[in-house]
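Just so you know, all these numbers are worked out from the coordinates, no wet-lab data involved. Just so it is clear, the model here is predicted, and its values are computed rather than measured. Neighbour counts run over all protein chains shown; Cβ positions are idealised from the backbone, glycine included.
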Amino acid sequence: MPDIKRRALLAGLAAMPAAACTELAETGPARNVFDAAEDWHRTAHRALANRQALAPEYAPEERSPDIRGNGTRVIDTPEYKNAKAEGFSNWRLSVGGLVDTPLSLTMADMHSLPQRTQITRHDCVEGWSAIAQWRGPLLSDLLDMAMVREEANFIIFRCADILYGRDYYESVDMVDAYHPQTIIAHELNGAPLPEKNGAPLRMRIERQLGYKHAKYLTAIEAVASFDDIYGGKGGFWEDVGDYQWYAGI
Ligand SMILES: Nc1nc2c(c(=O)[nH]1)N[C@H]1C(S)=C(S)[C@@H](COP(=O)(O)O)O[C@H]1N2
Ligand SMILES: [Mo]
C-alpha cells in the first residue's frame with residue numbers, strides 16, 4: 001500500500017466518530033456522501049485490521065532442526081570479535097532520532113524488560129523457510145520508553161555488519177513497529193542468539209519477509225522520512241534495487 005494512502009487511512013479512522021456518521025446519514029442530501037464515506041471507512045478499516053493481524057504461531061515440535069544463517073553469518077571486525085569475547089556485556093542498543101528520551105540499553109536491560117516468546121516461520125525471498133522460537137522485549141515497549149514523537153513515521157534499524165561493502169540497515173512503518181509480534185530477539189530456541197543469526201540482538205517482524213529482520217542490531221532510530229538515509233529507499237536490499245520496501249506476508 002502506498003504510504004500516503006496508509007496515512008490517510010489512519011487519519012481517517014481517528015477523524016470519523018461513529019455517532020457523526022449516523023447523524024449525517026439521517027439527513028437526505030448527505031446520504032450519498034455518507035455511503036461513500038462508509039464504504040471507504042470500511043475498506044480502510046479492513047486494510048488496517050489486516051496489517052495488524054497476527055502471524056501464525058507454531059508448536060515446539062514443529063520447529064525446524066536449524067535456522068540457517070543468511071546474508072552476514074560472521075562479523076570479522078575486531079570490535080565485534082571483542083564484543084563477542086566479552087559475552088556482549090558491553091553491547092549497547094541505542095534508541096534515538098525523533099524521541100523525547102534517547103536510550104542506551106545494555107543486554108541486562110533487554111533481559112529485564114517484559115519478554116515475549118513466539119514460535120514463528122521465517123520466510124526468505126531466496127526460497128527457504130524455517131520455524132523457530134524467538135524471545136525478547138517488544139519494540140513497542142522500547143518506543144514507548146523513549147517517547148517517540150508524533151512526527152515519526154518510520155523506525156530505522158542499524159546493524160553492526162557490512163555486506164558487499166555497505167552497512168546493512170532496514171526500516172518499517174509504525175504499523176509494523178507497534179505490531180504485537182515485533183520483538184527484539186536475544187534468544188533463538190531457548191539459547192542466546194548464535195552469531196550466524198544476529199547475536200546479540202536481532203529484529204523479528206513477523207508479518208514481513210526475512211530481509212526486514214535486521215540482525216546484529218546496534219541502533220533504533222525514529223525518523224519522519226528515510227530519504228536521506230543511505231540510498232533513500234529504506235533498506236539495504238531496497239537500495240540495491242533487488243527488493244521492495246514493503247515486504248508484507
Ligand atoms: N544485519 C543483517 N541483517 C540481516 C541480513 C544481513 O545480511 N545482515 N540478512 C537478512 C536476510 S536476507 C534474511 S533471510 C535474514 C536471515 O536470518 P538468519 O540469518 O537468522 O537466517 O536476516 C536478514 N537480516
Ligand atoms: Mo532473505
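Side notes on the structure shown:
- On the stretch given as segment 46-77, residues that are without any contact (Cβ under 8 Å) to a residue 24 or more places away in the chain and farther than 19 Å from LYS215 by Cβ total 5.
- Filtered residues of segment 67-96 (kept if more than 15 Å from ligand 1 (Cβ to nearest atom), surrounded by fewer than 11 Cβ atoms within 10 Å (Cβ to Cβ) and among the charged types (D, E, K, R)): GLU86
- The lone criterion from (1) closer than 16 Å to THR120 by Cβ; (2) more than 14 Å from ligand 1 (Cβ to nearest atom); (3) not polar (S, T, N, Q) left unmet by ARG63 is number (2).
- Residues of segment 144-157 that turn out to be buried (at least 21 other Cβ atoms within 10 Å of the Cβ) and either in a strand (DSSP E or B) or not small (Gly, Ala, Ser) (or both), as a count: 5
- Complete set of residues in segment 133-143 that are outside any loop (DSSP other than H, G, I, E, B) and out of contact with any Phe, Trp or Tyr (no Cβ under 9 Å at 6 or more places or on another chain): TRP134, ARG135, GLY136, ASP141, LEU142
- Filtered residues of segment 169-201 (kept if within 12 Å of the chain's Cα centre (by Cα), within 13 Å of ligand 1 (Cβ to nearest atom) and among the polar types (S, T, N, Q)): SER171
- Exactly one residue among ASP239, ASP167, ASP228, ASP173 is in contact with a Gly (Cβ under 8 Å, 6 or more places away or on another chain) and among the acidic types (Asp, Glu), and that residue is ASP239.
Quick grid of which residues meet (1) over 12 Å from the mean Cα position of the chain (by Cα); (2) in a strand (DSSP E or B); (3) surrounded by fewer than 23 Cβ atoms within 10 Å (Cβ to Cβ); (4) at negative phi:
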site	(1), (2), (3), (4)
MET203	no, yes, no, yes
ALA214	no, no, no, yes
THR218	yes, yes, yes, yes
ASP228	yes, no, yes, yes
TRP237	yes, no, yes, yes
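- For segment 79-110, the candidate set comprises residues that are under 19 Å from PRO192 (Cα atoms) and touching a strand residue (DSSP E or B) at 6+ places or on another chain (Cβ under 6 Å); within that set, the residue that is nearest to ligand 2 (Cβ to nearest atom) is TYR80.
- Total residues in segment 202-222, condition under 23 Å from TRP91 (Cβ atoms) and away from ligand 1 (no atom under 13 Å from the Cβ): 3
- If you check ASP76, ASP66 for being part of a loop (DSSP other than H, G, I, E, B) and within 16 Å of ligand 2 (Cβ to nearest atom), only one passes: ASP66.
- Of all the residues in segment 104-135, those that are surrounded by 17 or more Cβ atoms within 10 Å (Cβ to Cβ) and of a type in the set (A, V, I, L, M, F, W, C) number 8.
- Scanning segment 32-66 for residues that are of a type in the set (Val, Ile, Thr) and surrounded by 15 or more Cβ atoms within 10 Å (Cβ to Cβ) yields nothing.
- Count of segment 111-132 residues which are within 18 Å of the chain's Cα centre (by Cα), closer than 16 Å to ARG68 by Cβ and either away from ligand 2 (no atom under 16 Å from the Cβ) or among the charged types (D, E, K, R) (or both): 2
- Looking across segment 119-135 at every residue that is in contact with a strand residue (DSSP E or B) (Cβ under 6 Å, 6 or more places away or on another chain) and over 14 Å from ARG202 (Cα atoms), the one that is farthest from ligand 1 (Cβ to nearest atom) is identified as ILE119.
- Those residues of segment 193-236 which are of a type in the set (A, V, I, L, M), in contact (Cβ under 8 Å) with a residue 40 or more places away in the chain and within 16 Å of ligand 2 (Cβ to nearest atom), in sequence order: MET203, LEU209, ALA214
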